[in-house]
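Structure record follows, encoded as structure tokens.
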Amino acid sequence: MRSETLRRDPSPWFVRIYTFSVFALLLRYLLLLLFYQEPYHTPAVILVLQSATAILGIILGRVWKNRTFWPLAAYLVLLVVRLLFQGPALFAESGIPDLLIHGLWAFGACHSLGAVLSARSLRRFLRVFAAAWTIGAVLHSLVALYAAWRGQVVWNLPHGAFWGFAGTVGEGTPGMNEINAVGAGYGVRLSVILYCTISGAELSLSAMVALCAAVCEKKPWVRVLYLLSLLPLLFAMGLTDTRACYVSFAAGAGAVVGILLLRALRSHLRPLSSWTLSLASAAAVMVLLVLLISRTTAVYNSLKAHGGLLISSALAEEAPATVVSSRGFAGDLDTILSGRLEVWRYILRYLRDNPRVLLLGESVWLPMRGANAQPGLTHVVGHPHNALLLVLLQAGLPGLLLILWVLFSAFRRSVRLVSRPDTPLWQVLLPALILSICIGDSVECISGFLGYPYPNCSLLFLAIGLLYRPSSAEPGQ
């Protein structure tokens, strides 16, 4: 009845404005690859559009009836209160309005999409968005791979022509303005946008979008195109040498395989047997994909050095002998996690010694301020490389409990949707996308979680909101 009421609402133009705004603002993340100059500040006009779209989505979707809306709203209010207690002057800092409005955008506009659109409109939106996003991500990854092979930098449009490869990578290269390079102050890792880790996060997300679209697509030739698009996306992600993003995509892809297998085995095996086999298959796929993606740099370096079977020796000799790093998964756990275990130990020790910080948080904008000041810490970082620890340092124990409530509710809803045979295929794959982002957030905080304009956070809460759309909201769905 709720969806029928929405369709009879005499405001179709508001729904269209909201839909177009969400679509355009999501695709804007791809345009940042061309126009990105300042990574931590969003133009005022975009902040206004995000805020207006969020308010419109909340009103049109009546999302105050959604069980996950109020915890998210309370978390955002908690951040505002924390900032007020830290001093009103903080609101004048450029990063603070961005963080709050990114939260309003993710919790309001993206989270409301499933409640606003009818089933037909929602399917059309998701289909067009997946196609547009995949095309843009593939084009950027191809340009990045070409630039990596040639040992060149592709500048953004404000700095020069997009195809104007300028200079060589090394000292004096303004890293804030480049979007495609091997090196540029970060050793020998591919940077598609700003930094190799951010690049890996967006490529991992793009690969998950393409994979889910391939599974849901009914036309064989479109499905083949989506599967082919995975090749440049995963190869470029491999050259970023960002192991957290390997695991992020592999976990999501494994979940896709497990979910499809569970649906196929439901009518043939008992629930316990089908779940066990599906989970084991998902874990096996995850491990296999991590190992395969980890070999990307070795294949690239071999082709770069010897020409390989697909690339002529003349071209290999002509290109600079760039060799990409390949850290792999060897060594002890702390080495594999690049010092994160040490950072996490110092954060937990700092929280143990400072109960006030555990209860209220350290700082919204400088969460690592206290932990980084501890003597003996060798890895001084800007964020804790774990989204839950970031929430704890920003908003204290109350904020952590609110976010855990949302995630636990999403987990329960995911299990229910996966277990039901009548759940639409697009909706039953949402847990795989959510899991992929959450796995990355657990070891890298790849979504930025409100603090940075990354698309992963927006799509995370968009997917969580879509979980709660009733499967039988419309006849024939």
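The values are calculated or read from the model by the stated rules, or taken from the named source; none is laboratory data. Please read these numbers as outputs of a predicted model, since none were measured by experiment. Counting neighbours? That spans all protein chains shown, and the Cβs are built from the backbone with ideal geometry, glycine included.
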*Mind checking which residues of the range 292-317 are small (Gly, Ala, Ser) and either modelled with pLDDT of 65 or more or on the phi < 0 side of the Ramachandran plot (or both)?*
294, 298, 302, 305, 312, 313, 314, 316
*Residue list for the range 422-437, restricted to those being part of a loop (DSSP other than H, G, I, E, B) and surrounded by fewer than 24 Cβ atoms within 10 Å (Cβ to Cβ)*: 422, 423, 424
*Only one of 253, 264, 244 is at pLDDT 95 or above, assigned to a helix (DSSP H, G or I) and on the phi < 0 side of the Ramachandran plot; which?*
253
*Applying the selection to the range 363-402, what residues are farther than 18 Å from residue 73 by Cα, in a loop (DSSP other than H, G, I, E, B), under 25 Å from the mean Cα position of the chain (by Cα) and touching a residue at least 24 places away in the same chain (Cβ under 8 Å)?*
363, 365, 367, 368, 379, 381, 383, 384, 385, 386
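Just to be sure I understand, how many residues within the range 49-81 are part of a helix (DSSP H, G or I) and under 25 Å from residue 365 (Cα atoms)?
Here is the first cut: in the range 49-81, the residues part of a helix (DSSP H, G or I) are 49-61, 63-65, 69-81.
Next cut, under 25 Å from residue 365 (Cα atoms) only: 49-55, 69-81.
So the answer is 20.
Is it true that residue 126 is assigned to a helix (DSSP H, G or I), under 30 Å from residue 228 (Cβ atoms) and modelled with pLDDT of 85 or more?
Numbers: assigned to a helix (DSSP H, G or I): yes; under 30 Å from residue 228 (Cβ atoms): yes; modelled with pLDDT of 85 or more: yes.
For residue 126, the condition - assigned to a helix (DSSP H, G or I), under 30 Å from residue 228 (Cβ atoms) and modelled with pLDDT of 85 or more - is met.
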*Tally time: how many residues in the range 231-247 are surrounded by 20 or more Cβ atoms within 10 Å (Cβ to Cβ) and within 23 Å of residue 127 (Cα to Cα)?*
3
*Take the range 455-477 and flag every residue that is in a loop (DSSP other than H, G, I, E, B), at pLDDT 70 or above and touching a helix residue (DSSP H, G or I) at 6+ places or on another chain (Cβ under 7 Å).*
468, 469
*When the range 204-215 is examined, which residues are found to be farther than 19 Å from residue 329 by Cβ and crowded, with 20+ Cβ neighbours inside 10 Å?*
205, 206, 207, 208, 209, 210, 211, 212, 213, 214
*Would you mind stating whether residue 391 is more than 20 Å from residue 443 (Cβ to Cβ), of a type outside the set (Ser, Thr, Tyr) and touching a Leu at 6+ places or on another chain (Cβ under 6 Å)?*
no
*When residues of the range 326-381 are filtered for being modelled with pLDDT under 85 and of a type in the set (Val, Ile, Thr), how many remain?*
6
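Restricted to the range 1-33, and to residues that are at pLDDT below 50 and in a loop (DSSP other than H, G, I, E, B), which residue is farthest from residue 104 (Cα to Cα)? Show your work before the answer.
Keep residues of the range 1-33 that are at pLDDT below 50, which gives 1-10.
Now drop any that are not in a loop (DSSP other than H, G, I, E, B), which leaves 1, 9-10.
Values: 1: 27, 9: 24, 10: 26 Å.
Of everything passing the filter in the range 1-33, 1 is farthest from residue 104 (Cα to Cα).
Of the residues 103, 108, 61, 95, only one is at pLDDT 85 or above and either in contact with a His (Cβ under 9 Å, 6 or more places away or on another chain) or polar (S, T, N, Q) (or both); which?
Working: 103 fails: either in contact with a His (Cβ under 9 Å, 6 or more places away or on another chain) or polar (S, T, N, Q) (or both); 108 fails: either in contact with a His (Cβ under 9 Å, 6 or more places away or on another chain) or polar (S, T, N, Q) (or both); 95 fails: at pLDDT 85 or above.
Result of the check over 103, 108, 61, 95: 61.
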